[in-house]
Amino acid sequence: MAPSWQRLGLYTCLLKRQLNDGPDVIKWGRRVIPGWSRGIYSATGEWTKEYTLQTRKDVEKWWHQRIKDQALTVSEADKSKPKFYVLSMFPYPSGKLHMGHVRVYTISDTIARFQKMRGMQVINPMGWDAFGLPAENAAIERNLHPESWTQSNIRHMRKQLDQLGLCFSWDREITTCLPDYYKWTQYLFIKLYEAGLAYQKEALVNWDPVDQTVLANEQVDEHGCSWRSGAKVEQKYLRQWFIKTTAYAKAMQDALAGLPEWYGIKGMQAHWIGDCVGCHLDFMLKVDGQVTGEKLSAYTATPEAVYGASHVAISPSHRLLHGHSPLKETFRKALVPGQDCLTPVTAVNMLTQQEVPVIILAKDDLEGSLDAKIGIPSTSLEDSALAQTLGLSYSEVIEATPDGTERLRGSAEFTGMKRQDAFLALTQKARRERVGGDVTSDRLKDWLVSRQRYWGTPIPVVHCPACGPVPVPLEDLPVTLPSITALTGRGGSPLASASEWVNCSCPRCKGAATRETDTMDTFVDSAWYYFRYTDPQNTQSPFSAALADYWMPVDLYIGGKEHAVMHLFYARFFSHFCHDQKMVKHREPFHKLLAQGLIKGQTFRLPSGQYLRREEVDLTGSDPVHANTGEKLEVSWEKMSKSKHNGVEPEDVVEQYGRDTVRLYVLFAAPPEKDILWDVKKSHGERSLVGCSPRGHKESHATEHAHMLNYMKHETGEDPACVKTRQAA
């Protein structure tokens, strides 16, 4: 494979040949490359004979505004053209683009232009994932308000995107921290609440002691540390808001089969959801025959056999033993560490009205991520052994007929049904009565969305002593953030200190009440933004069903593989929910997915783990060493990061080579889904780009240059060269 600096030289050579009326073919090494007969536009009418960096910049400047103007000519009323919705994951406005941004947005811009050349009606929108902890923490460090910090960053990054020559559909721009956007995030939250899919409960949560907030399970790494601050996560019991994503587990798992291959990400989604073979059922708890008001949800993989339950088992770490439950002491008195313990508490199945005892298990690790399960001896040898050991009674509810078919007995209206038919009927009845029944796996948990920070979407709920939690009326949305200037980033939710904002009247009984002071996880904001792009100016609803049906699903979604679990799962959940609410006709939001590779920089690390700047490294020998001490260094390729001193500033590269050269390079340095290993070395007396494909990647030079062209041909079934010829005609 030819060195990258030679490949970059070829790009410049081809452009020079245009100016000098070069031959029809160009010889390069052993290869013969077709020459180009078309010239570059000259703003002055005179052709320069020296193709310099300034020449490139003049050409780029002249064409950029014309291409931008073309990108804005879109009309949903024009049904003569097929639509194409290309979407790249919108950025968090940190204030500075990095090379990863350059790659993903160059890919989306290229695809958008190509589809427009094919005669498609194209939107390639852009916006800002503008809420979240990083903005709040950065503002606190600078003694600024998060809003002013965020808006300043957005202005700067928008300018940077324009400098890269990217032509987004800016007339569709959205910003998640503006009331005209988060009003509809709150609207969707209330719709979830009304559907029984948003609820509050006490839970053992992951507490970040540095950022002083709750983290979702997905935001804790394999070492038990926060994905943001890096602090060791603590466990705490708090009353939190959840979205019942488990209600759509089976539907989302099944829908994966109808999607095209997502570069392995479909498998990651399926693994995350797990095998959807059972469900949770709800129980009321009693002590000495008296209803306590406490409820318990427990899982079973065989709900059709629930009439044969002998007990409900909870783990020693269950919230009932550690939180603020009125039954905490009752359970603790019954607990004998290391033993399976029968308690004086009984559980009444809210579907069957069957009453069984509650057991505290000796072991703390139930299947999957469970902390409570229904014991059914008929279908589990483990449950049968436990029932016999503790002397628990139960009924055999499954019988086999002479032909081998398994049917139910002693199971009320389900008696006589085949097991699979009973499974469907019983889970449907439980869902209808809202006492569980959603078919899910034993590993998937509901989505914890509460955050104890200021810079996020306020949860639109009022807490009334008489009425309990009451959603804010839709006509009173948005619930806007109060102005709080003294943010510290420590302690509980900052909103709790805004007494005038917190104290309000109950929408239902008009009595004294208080507002919810938690804000939403920012993943809620980004779980539906692709819908808003279809109708960004709508003041009457989140989006028009007609416009969403026209543009959706997204034809090509482009983003990092690091979002393969959380963001994609949450976005798919919201789309399934909106479909069931008759807001949109499509269930799945994204058709094709391109998870682009990273751009990695070379790192040099001391044995102590300290990263060095390149100027601190001596590269003259066979092995890199510390320039001052001579210590041998550990050399690797890692995701670009300031802390690792391996980043490249996009502005510097564009200034040195021009925007189109940089954009062309990131397209052809490696296949879109592969990593690019980026380095800057001395070559021919000047600094040149040198990028490598991943090690072990042995494609030919010709293949490497055709990566993006082949990708577009595969996606569209049409040769990009033919499109260019047709457009030129």
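The values are calculated or read from the model by the stated rules, or taken from the named source; none is laboratory data. Here the structure is a predicted model, which is why all the values come from computation and not from measurement. Cβ atoms come from the backbone with ideal geometry, glycine included; neighbour counts cover every protein chain shown. Only protein heavy atoms, including side chains, enter the accessible area calculation; ligands, DNA and RNA are left aside. Shrake-Rupley method; radii C 1.70, N 1.55, O 1.52, S 1.80 Å.
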Taking the range 649-658 and the residues there that are open to solvent by less than 40 Å² (accessible area, probe 1.4 Å) and part of a helix (DSSP H, G or I), the one that is modelled with the lowest pLDDT would be Tyr657
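Here's the yes/no breakdown for (1) within 15 Å of Thr302 (Cβ to Cβ); (2) open to solvent by 70 Å² or more (accessible area, probe 1.4 Å); (3) small (Gly, Ala, Ser):
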| site | (1), (2), (3) |
| --- | --- |
| Val345 | no, no, no |
| Thr352 | yes, no, no |
| Leu386 | no, no, no |
| Gly391 | no, no, yes |
| Thr405 | no, no, no |
| Ala412 | no, no, yes |
| Gln420 | yes, yes, no |
| Ala430 | yes, no, yes |
| Glu433 | no, yes, no |
Scanning the range 490-512 residue by residue, those surrounded by 14 or more Cβ atoms within 10 Å (Cβ to Cβ) and in a loop (DSSP other than H, G, I, E, B) turn out to be Gly492, Ser493, Ala498, Cys506, Pro507, Arg508
Residues in the range 239-285 that are surrounded by fewer than 18 Cβ atoms within 10 Å (Cβ to Cβ), more than 17 Å from the chain's Cα centre (by Cα) and outside any helix (DSSP H, G or I) total 7
Only one of (1) touching a Gly at 6+ places or on another chain (Cβ under 7 Å); (2) open to solvent by 50 Å² or more (accessible area, probe 1.4 Å); (3) modelled with pLDDT under 70 does not apply to Gln18, and that is (2)
Here the qualifying pairs (Cβ atoms under 8 Å; residues six or more apart or on different chains; first in the range 244-265 and at pLDDT below 95; second open to solvent by 30 Å² or more (accessible area, probe 1.4 Å) and assigned to a loop (DSSP other than H, G, I, E, B)) come out as Tyr263/Glu673
Among the residues of the range 172-213, the number that are buried (at least 18 other Cβ atoms within 10 Å of the Cβ), under 23 Å from Ser317 (Cβ atoms) and not hydroxyl-bearing (Ser, Thr, Tyr) is 6
(Q) Going residue by residue through the range 627-648, is there one that turns out to be touching a residue at least 24 places away in the same chain (Cβ under 8 Å), crowded, with 17+ Cβ neighbours inside 10 Å and part of a helix (DSSP H, G or I)? (A) yes
Here the residues within the range 162-171 that are touching a Pro at 6+ places or on another chain (Cβ under 9 Å) and either buried (at least 18 other Cβ atoms within 10 Å of the Cβ) or at pLDDT 95 or above (or both) are Leu164, Phe168, Ser169
Just one listed residue, out of Ser297, Ser310, Ser325, is modelled with pLDDT under 95 and small (Gly, Ala, Ser), and it is Ser325
Checklist entry - Would you call Ala309 in contact with a strand residue (DSSP E or B) (Cβ under 6 Å, 6 or more places away or on another chain) and crowded, with 21+ Cβ neighbours inside 10 Å? => result yes
Return yes or no: is Ile376 at negative phi and open to solvent by less than 30 Å² (accessible area, probe 1.4 Å)? yes
Within the range 660-674, of all residues that are part of a helix (DSSP H, G or I) and not acidic (Asp, Glu), the one surrounded by the most Cβ atoms within 10 Å (Cβ to Cβ) is Val666
Kindly establish whether Tyr454 is in contact with a Leu (Cβ under 7 Å, 6 or more places away or on another chain) and either in contact (Cβ under 8 Å) with a residue 40 or more places away in the chain or assigned to a helix (DSSP H, G or I) (or both). yes
Counting only strands (runs of 3 or more DSSP E) wholly inside the range 45-156, the ones holding at least 2 residues that are without any contact (Cβ under 8 Å) to a residue 24 or more places away in the chain and either touching a Ser or Thr at 6+ places or on another chain (Cβ under 6 Å) or crowded, with 18+ Cβ neighbours inside 10 Å (or both) are none
What do you reckon, is Lys201 modelled with pLDDT of 90 or more and either of a type in the set (Phe, Trp, Tyr) or over 30 Å from Val654 (Cβ atoms) (or both)? yes
Note on Lys373: of the conditions (1) under 23 Å from Gln420 (Cβ atoms); (2) out of contact with any helix residue (DSSP H, G or I) (no Cβ under 9 Å at 6 or more places or on another chain), unmet is (2)
In the set Leu370, Leu296, Leu381, the lone residue that is open to solvent by 20 Å² or more (accessible area, probe 1.4 Å), within 30 Å of Thr415 (Cα to Cα) and in contact (Cβ under 8 Å) with a residue 60 or more places away in the chain is Leu370
Per the filter on the range 330-367, residues in contact (Cβ under 8 Å) with a residue 60 or more places away in the chain and among the small types (Gly, Ala, Ser) are Ala347
Report task. Answer yes or no: is there a residue in the range 403-421 that is under 38 Å from the mean Cα position of the chain (by Cα) and not polar (S, T, N, Q). Result -> yes
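Residue by residue, here is whether (1) within 30 Å of Tyr263 (Cα to Cα); (2) open to solvent by 30 Å² or more (accessible area, probe 1.4 Å) holds:
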position: Phe573; (1), (2): yes, no
position: Phe577; (1), (2): yes, no
position: His586; (1), (2): yes, yes
position: Phe590; (1), (2): yes, no
position: Ala595; (1), (2): yes, no
position: Ser608; (1), (2): no, yes
position: Glu616; (1), (2): no, yes
position: Gly621; (1), (2): no, yes
His463 vs (1) assigned to a strand (DSSP E or B); (2) crowded, with 19+ Cβ neighbours inside 10 Å; (3) modelled with pLDDT of 95 or more: all pass except (2)
Only one of His591, His645 is closer than 30 Å to Thr534 by Cα and under 36 Å from the mean Cα position of the chain (by Cα), namely His591
Of the residues in the range 426-457, those that are more than 20 Å from the chain's Cα centre (by Cα) and over 15 Å from Thr213 (Cα atoms) number 17
On the basis of being modelled with pLDDT under 90, acidic (Asp, Glu) and open to solvent by less than 80 Å² (accessible area, probe 1.4 Å), does Glu686 make the cut? no
